[in-house]
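Written out below as structure tokens is the structure these notes cover.
The values are calculated or read from the model by the stated rules, or taken from the named source; none is laboratory data. Computed from a prediction, not measured in an experiment: that's the story for all the values here. No Cβ is skipped: glycine too gets one built from the backbone with ideal geometry, and neighbour counts run over all protein chains shown. Protein only, heavy atoms only, side chains kept; ligands, DNA and RNA dropped before computing areas. Shrake-Rupley method; radii C 1.70, N 1.55, O 1.52, S 1.80 Å.
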Amino acid sequence: MDLVIRNATLPDGSQHVNIGIDAGRIAAIGVALDIQAVQEIDAGGDLVTPPFVDAHFHMDATLSYGLPRVNASGTLLEGIALWGELKPDLTQQALVERALQYCDWAVARGLLAIRSHVDICDDRLLAVEALLHVREKVAPYLDLQLVAFPQDGVLRSPTAFANLKRAIAMGVDVVGGIPHFERTMADGTESVRLLCEFAAEKGLRVDMHCDESDDPLSRHIETLAYHAQRLGMQGRVAGSHLTSMHSMDNYYVSKLLPLIREAGVAAIANPLINITLQGRHDTYPKRRGMTRVPEMLAAGIDVAFGHDCVMDPWYSLGSGDMLEVAHMGLHVAQMTGQDAMHNCFKAVTETPARILGLEGYGLQVGCHADLVVLDAGDPIEAIRLRAARRFVIRRGNVVSQAPAAHARLSLPGRPDLVDFKLRRQGQ
């Protein structure tokens with residue numbers, strides 16, 4: 001064996017597990033297995049998990065905060081306008097440098113797979129070329145999946161559909177859309193049909209920005225689910241954001257959720273950004289902004305969390321930490337039960353991996369040896385502490401390492417914890 005991880009705790013609660021890795025894949029896994037290897041890692045009872053996966057991000061815009069100016073209103077629409085102002089001044093070199101810097105951040109935080117939307121409404125397709133180059137550069141340590149995203153609307157922008165086809169021909173992986181940004185509701189509906197039929201013809205996945213609005217009448221997710229079922233695309237379609245659902249009446253949602261489930265459409269919420277951008281026009285009471293995550297999970301719909309933005313025209317914060325995303329999602333959705341908190345951990349690991357169709361992801365023999373050793377005893381503690389990533393492993397190689405974050409204090413006059421326990425036992 002090339003590497004063995006000893007004394008690991010797994011997300012399902014299994015303890016004292018040894019994991020043997022050979023030739024970049026998991027070769028053996030079990031309790032008290034006698035495994036000899038060239039390299040050893042003692043997890044010391046800490047949580048070992050497959051890597052974090054971000055199902056929704058904008059890498060072409062990341063780390064561009066303040067260019068050409070700061071989003072003064074903090075709104076979605078001003079962010080889109082700012083991005084439009086910045087696009088003519090973009091260079092491939094700057095796009096590549098910022099993306100590579102972000103990928104370094106991601107890997108250090110155990111984030112080894114990202115689905116990034118890339119704007120195709122610039123006729124030069126500079127961002128597409130830049131991120132295709134980045135995808136190739138980071139392939140040894142990170143899976144980067146690209147979505148052809150018509151930021152200005154595939155019908156609203158005259159050259160967008162032609163550019164989208166060009167981007168797909170260049171090697172972009174997924175068909176994107178933004179129906180709620182088209183000029184009319186009817187155009188939004190038509191854009192969903194057009195893009196789904198193109199994706200079905202090419203055998204591609206679909207991931208649309210859908211109903212990122214406070215308007216309860218923005219209901220393009222219904223249309224997306226209809227076409228996914230009509231075209232036999234179950235399991236290959238995702239609706240991102242879906243924030244209008246937080247404003248819809250319960251009767252309509254009771255009809256909508258079964259339609260989404262029957263169509264095999266996944267949902268991707270973006271907790272940090274959804275609660276920042278939505279509800280901006282509210283006084284009080286203020287809407288939370290995020291879509292109905294617990295209700296969708298209860299309906300059997302796959303729900304993942306995405307980071308969406310890091311230091312760009314829409315969001316001034318962020319660090320590539322998917323545990324921060326899960327932490328925010330847990331609070332906003334009031335998912336504080338034990339099972340619900342575990343589902344929040346799954347929403348940044350195994351569920352987005354399934355949505356992206358990642359081959360070899362998981363903790364079974366034969367899976368890629370892509371693993372993270374977290375300074376925590378279980379997924380809930382990992383979220384609570386935003387646990388340190390002690391080791392990040394890609395294809396059996398340690399690509400990032402950090403010390404445990406638990407401090408061992410020695411305070412004058414205060415008994416050591418072990419001594420205190422011994423005294424209590426001796427009484």
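Values computed for the structure shown
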| read-out | value |
| --- | --- |
| Prolate/oblate/rounded call for the stretch 188-272, Cα gyration tensor, a/c under 1.5 rounded | prolate |
| Ordering of 121-129, 146-154 by packing [mean C-beta count within 10 Å, highest first] | 146-154, 121-129 |
| Mean-position separation - Cα centroids, the stretch 190-249 and the stretch 1-74, in angstrom | 32 Å |
| With DNA, RNA and ligands ignored, accessible area of Glu85 (1.4 Å probe; Å², nearest 10) | 80 Å² |
| Coordinate range along principal axes, alpha carbons of the stretch 293-332, Å, largest first | 34, 17, 14 |
| Neighbour-limited loop hits for chymotrypsin sites (Phe, Trp or Tyr not before Pro), the stretch 184-251 (at most 14 other Cβ within 10 Å; DSSP other than H, G, I, E, B) | none |
| Gyration tensor (Cα) of the chain, equivalent ellipsoid semi-axes in angstrom | 38, 24, 22 |
| Carbon/sulfur fraction of accessible area - the chain, other protein chains in place, 1.4 Å, % | 52 percent |
| Accessible surface, the stretch 313-358, averaged per residue in Å² (probe 1.4 Å) | 37 Å² |
| Separation between Cα centres of the stretch 339-358 and the stretch 372-399, rounded to whole Å | 15 Å |
| For the stretch 324-334, Karplus couplings with θ = phi - 60° (6.51, -1.76, 1.60), whole Hz, Gly/Pro x | 5, 4, 4, 4, 5, x, 4, 6, 5, 7, 6 |
| Positive-end extreme of charge dipole, the chain - chosen from Leu90, Gln278, Ala376 (charges on Cβ) | Ala376 |
| Ellipticity estimate at 222 nm from DSSP helix runs (n ≥ 4, -39,500 (n - 2.57)) divided over the chain, nearest 500 | -10500 deg cm²/dmol |
| Å² of accessible area per residue within the stretch 85-204, as computed with a 1.4 Å probe and no ligands counted | 38 Å² |
| Tensor-based shape of the stretch 129-177 (alpha-carbon gyration tensor, a/c under 1.5 rounded, otherwise prolate or oblate) | prolate |
| Choice from Gly264, Gly13, Gly45 showing the highest fluctuation, given a GNM over the chain with Cα pairs closer than 10 Å | Gly13 |
| Pairs beyond 31 Å (Cα-Cα), from Lys286/Lys346; Lys137/Lys202; Lys87/Lys137; Lys165/Lys286 | Lys165/Lys286 |
| Area accessible to solvent at Phe161, 1.4 Å probe radius, in Å² | 40 Å² |
| More than 16 Å apart - percent of Cα-Cα pairs taken over the stretch 162-213 | 38 percent |
| Residues whose placed amide H lies under 5 Å from that of Leu112, excluding near-sequence neighbours | Phe52 |
| Top of Ser14, Ser213, Ser240 by mean-square fluctuation, Gaussian network on the chain, Cα under 10 Å | Ser14 |
| Of Ala106, Ala225, Ala139, the one that fluctuates the most in a GNM where the chain has Cα springs shorter than 10 Å | Ala139 |
| Cα centroid separation - the stretch 253-269 against the stretch 90-107, whole Å | 35 Å |
| Interchain or long-range residues, amide H under 5 Å from Asp22's placed H | Asp2, Ala27 |
| Cα Rg over Rh - the stretch 27-75, Kirkwood | 1.32 |
| Neighbour net charge for Arg287 - beta-carbon separation under 15 angstrom, K R +1, D E -1 | -2 |
| Selected from Leu132, Val107, Ser218, residue furthest toward positive end of dipole (the chain; charges at beta carbon) | Val107 |
| Three-way shape label, the stretch 39-102, alpha-carbon gyration tensor, a/c 1.5 | prolate |
